[in-house]
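**Q** Got a structure here, written out as structure tokens. Questions coming.
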Amino acid sequence: MTFSTRSTANDNGESSLMTAVVNAVHRVVESKVGEADFGAREAAALAVANEAVRQLLERELQAIADGQSDRVRIDGQLHRRHSTGDVTYHSLCGPLSIRRSTYRLAGVRNGPTRVPVELIARLAEHTTPALAYSIAQGYAKAPMRSLDEDLRAAHRVPPSRSTLERVAKAIGTTAKDHVWRIEQVLRDAEHLPEGATAISLGLDRTSIPMEEARTDAEGPPRRRRAPRIRVAPPPVTVHYRMAYVGTVSVTNAEGEVLVTRRYAAPAHDSPKEVLARMMADLDRALVQNPTLHVGVVQDNAPEMWNLMREALRAQPRVGKVHEVVDRYHFMQRLASALEVVEPDEKERRLQLARWRKALDRNDRTIHRIRKYFDLDRHYGTRVRDWETWNAIDKIIGGYVIRYEHFQYAAVAKLGLPTGSGVTEGACKSLIAARAKRSGQRWRARGISAVLALRSLLESARLPPFWNHFVSRYAANCEAA
């Protein structure tokens, strides 16, 4: 039996070749499963397609390897053949066994080796470009177990999970080293969305479980209850370290977020890298539209404000900055303070509702709120209840310091958000959803690699970033 294919291609020769391929696959499927049901035939056809593509890729890589002479110029530098051996590369369709040669820089004894076939084909960490991108995107989304299961469910033939993990960490580490340079190129090609009137920034912190060597101060390691079968690894302990998360959001006149860039840095890295990338986004936006309103909305942690102000002061294009304390955190503080001075729960709810509406209309509301908690109002005498005074002071005394941080009505009219939901959400989407799963714990190299890739993914930059990043694994190779 033969099949005809429906094609819109104008090239009849191409259509004929496709018909021949379909007929060949049909014959192989018939020989494998015969008259099985459609599901079995589909699985067999996918397996045949995988093997056909695997052999094609293997043949093409081998042709590239065989085409190299004893002397090759790599990016203009003369290299001589060093040694030849068999190597296995990995693809979505299975392993590719290639016999290829390594080369060394002419005149350099025991110098580093380079492999022209890898540079010409852009093989990243011994994987084909398609598999390398799948690993990078998969590592940004979930553990490698998930990617392995997804690829196998799609009838692909990925390498072992340990290989996927090794390649993912290597790609993520290299991406972290090149992200600043490539992001600068991406920013130059990015344009403000239509209707943009303001740009809002925010900085926050969240914890990551980090695996660290156990110290003597933490006591001896736990005793084993099962018999020792192999040498136990060094004892470790898990500490939760604070990572930095920053966001840059472009909003319209109604305060709706049009586009958001998200960045993160683990505790062992400086927050200055996150701030530098945020300031680069801000500068690029102001170059395109100098009239954008600039705002900062975050919780009232002093160290976060100090870092943000220092970074903004170094930006020559930034004029007035509208600083706002996250409204959700503020309302929580008010609710806690009301519990101290107002025993009636119904009255507390009504008072919070009145304040909420007033904050939307009048920037003087914060002064009335502060006056409300003057204890003379409640007791009417100079004798104060110091226990109550201390309780209120701990809740809002050090919180409401700069009244301009609570002018929500004026800020909302500029199209700036009054809540740090974007930054709080980034803490969850960037870190909690990926790095704080059940039983997870991280080392420095792994968390740095995954956050570098996940920041790009959550900022909708991973595909364009990858187009520039793969050049890291390429070079101009020609016969000498």
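The values are calculated or read from the model by the stated rules, or taken from the named source; none is laboratory data. Nothing here was measured: the structure is a model prediction, and the numbers come from that model. Glycine also receives a Cβ, built like all others from the backbone with ideal geometry; neighbour counts cover every protein chain displayed.
**Q** Take Glu478 and tell me if it is more than 23 Å from Gln298 (Cα to Cα), among the charged types (D, E, K, R) and assigned by TED's automatic domain parsing to the domain that holds Leu147.
**A** Values: more than 23 Å from Gln298 (Cα to Cα): yes; among the charged types (D, E, K, R): yes; assigned by TED's automatic domain parsing to the domain that holds Leu147: yes.
When the stated conditions are applied, Glu478 passes them.
**Q** Which condition does Ser438 not pass, out of (1) loosely packed, with under 14 Cβ neighbours inside 10 Å; (2) under 30 Å from Val185 (Cβ atoms); (3) of a type in the set (S, T, N, Q), if it passes all the others?
**A** So the condition that Ser438 fails would be (2).
**Q** What number goes with the only condition from (1) surrounded by fewer than 20 Cβ atoms within 10 Å (Cβ to Cβ); (2) hydrophobic (A, V, I, L, M, F, W, C); (3) touching a strand residue (DSSP E or B) at 6+ places or on another chain (Cβ under 7 Å) that Val245 does not pass?
**A** For Val245, the exception is condition (1).
**Q** Going by what's in this entry, would Arg309 be described as in a loop (DSSP other than H, G, I, E, B) and farther than 23 Å from Asp393 by Cβ?
**A** Details: in a loop (DSSP other than H, G, I, E, B): no; farther than 23 Å from Asp393 by Cβ: yes.
Against the criterion (in a loop (DSSP other than H, G, I, E, B) and farther than 23 Å from Asp393 by Cβ), Arg309 does not qualify.
**Q** Give me a count of the residues in region 438-480 that are over 15 Å from the mean Cα position of the chain (by Cα), in a loop (DSSP other than H, G, I, E, B) and either hydroxyl-bearing (Ser, Thr, Tyr) or closer than 30 Å to Arg71 by Cβ (or both).
**A** Qualifying residue count for the region: 5.
**Q** Just checking, which of Ala353, Ala358, Ala311 is over 15 Å from Glu404 (Cα atoms) and out of contact with any helix residue (DSSP H, G or I) (no Cβ under 6 Å at 6 or more places or on another chain)?
**A** Details: Ala358 fails: out of contact with any helix residue (DSSP H, G or I) (no Cβ under 6 Å at 6 or more places or on another chain); Ala311 fails: out of contact with any helix residue (DSSP H, G or I) (no Cβ under 6 Å at 6 or more places or on another chain).
Matching residue, one of Ala353, Ala358, Ala311: Ala353.
**Q** Does region 314-330 hold any residues that are surrounded by 15 or more Cβ atoms within 10 Å (Cβ to Cβ) and hydrophobic (A, V, I, L, M, F, W, C), and which are they?
**A** Taking region 314-330 and keeping what is surrounded by 15 or more Cβ atoms within 10 Å (Cβ to Cβ), we get 315, 318, 321-327, 329-330.
If the condition is that a residue be surrounded by 15 or more Cβ atoms within 10 Å (Cβ to Cβ) and hydrophobic (A, V, I, L, M, F, W, C), then Val318, Val321, Val324, Val325, Phe330 are the ones that fit.
**Q** Taking region 107-164 only, how many residues are assigned to a loop (DSSP other than H, G, I, E, B) and either over 22 Å from the mean Cα position of the chain (by Cα) or not acidic (Asp, Glu) (or both)?
**A** Here is the first cut: in region 107-164, the ones assigned to a loop (DSSP other than H, G, I, E, B) are 107-112, 115, 122-123, 125-126, 128, 142-143, 154-160.
Pick out the ones that are also either over 22 Å from the mean Cα position of the chain (by Cα) or not acidic (Asp, Glu) (or both) and you get 107-112, 115, 122-123, 126, 128, 142-143, 154-160.
Within region 107-164, residues that are assigned to a loop (DSSP other than H, G, I, E, B) and either over 22 Å from the mean Cα position of the chain (by Cα) or not acidic (Asp, Glu) (or both) number 20.
**Q** Kindly indicate whether any position in region 241-249 is free of Cβ contacts under 8 Å to residues at least 60 places away in the same chain, outside any strand (DSSP E or B) and under 21 Å from Glu458 (Cα atoms). Full working, then the answer.
**A** Looking only at region 241-249, we keep the residues that are free of Cβ contacts under 8 Å to residues at least 60 places away in the same chain, and these are 241-242, 244, 248.
Now drop any that are not outside any strand (DSSP E or B), which leaves none.
The answer is no, given that none of the residues of region 241-249 is free of Cβ contacts under 8 Å to residues at least 60 places away in the same chain, outside any strand (DSSP E or B) and under 21 Å from Glu458 (Cα atoms).
**Q** Filter region 179-188 for residues that are under 28 Å from His322 (Cα atoms) and either surrounded by fewer than 19 Cβ atoms within 10 Å (Cβ to Cβ) or not assigned by TED's automatic domain parsing to the domain that holds Phe469 (or both) and give the result.
**A** Within region 179-188, Trp180, Gln184, Leu186, Arg187, Asp188 qualify.
**Q** Can you tell me which of (1) buried (at least 17 other Cβ atoms within 10 Å of the Cβ); (2) touching a Lys or Arg at 6+ places or on another chain (Cβ under 9 Å) is the one Ser69 doesn't meet?
**A** Failed condition: (1).
**Q** Additional query: Here is a list: Leu359, Leu350, Leu338. Which entry is in a helix (DSSP H, G or I) and touching a residue at least 40 places away in the same chain (Cβ under 8 Å)? Talk me through it step by step, then tell me what you get.
**A** Details: Leu350 fails: touching a residue at least 40 places away in the same chain (Cβ under 8 Å); Leu338 fails: touching a residue at least 40 places away in the same chain (Cβ under 8 Å).
Result: Leu359 is the single residue among Leu359, Leu350, Leu338 that is in a helix (DSSP H, G or I) and touching a residue at least 40 places away in the same chain (Cβ under 8 Å).
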